[in-house]
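Undergrad: What follows is a single structure, and I will ask about it in a moment.
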Amino acid sequence: MNASPSTRRLSDKILDAAQLAETQGRGEFASSLKLIQQALLVEELVRQDLRRGTDTALFEDAELKH
């Protein structure tokens with residue numbers, strides 16, 4: 001899966017926070033962060049599939065100003 005740059009950055013930051021939580025002995029919090037990161041990537045995958053299935057433009061939700 002090719003995640004968008006913004007999703008990739010957010011995913012990386014969540015994983016960094018999970019690693020920090022683990023080093024601080026907060027395994028339960030780290031596990032929660034990892035679940036959030038996985039859900040983020042799954043959501044991105046679903047969005048990509050929907051865009052492909054409907055042939056919509058990548059900028060469908062964005063407002064384009066002249």
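Undergrad: Does region 7-48 come out rounded, prolate or oblate by the C-alpha gyration tensor, with a ≥ b ≥ c the root eigenvalues, rounded set by a/c under 1.5 and, if not, prolate when a/b is larger than b/c and oblate if not?
TA: Cα axes put region 7-48 in the oblate bin.
Undergrad: With labels modelled as points extended 7 Å from the Cα through the Cβ direction, what inter-label distance (nm, one decimal) is found for L35 paired with D16?
TA: Spacing of the two 7 Å Cα→Cβ label points: 2.5 nm.
Undergrad: Then there's this: If you add up the charges near E22, with Lys and Arg at +1 and Asp and Glu at -1, over every other residue whose beta carbon is less than 14 angstrom from its beta carbon, what do you get?
TA: 0
Undergrad: Same structure again: Taking 0.36 nm per residue of separation and subtracting the Cα-Cα distance, what length does fully extending R26 through R52 add?
TA: Gain on extension, R26 to R52, equals 5.4 nm.
Here, each number is a calculation from the coordinates, and none is a lab measurement. Predicted, not measured: the structure shown is a model, and the values here were computed from it. In this analysis, Cβ positions are derived from the backbone assuming ideal geometry, glycine residues included, and neighbour counts consider all displayed protein chains.
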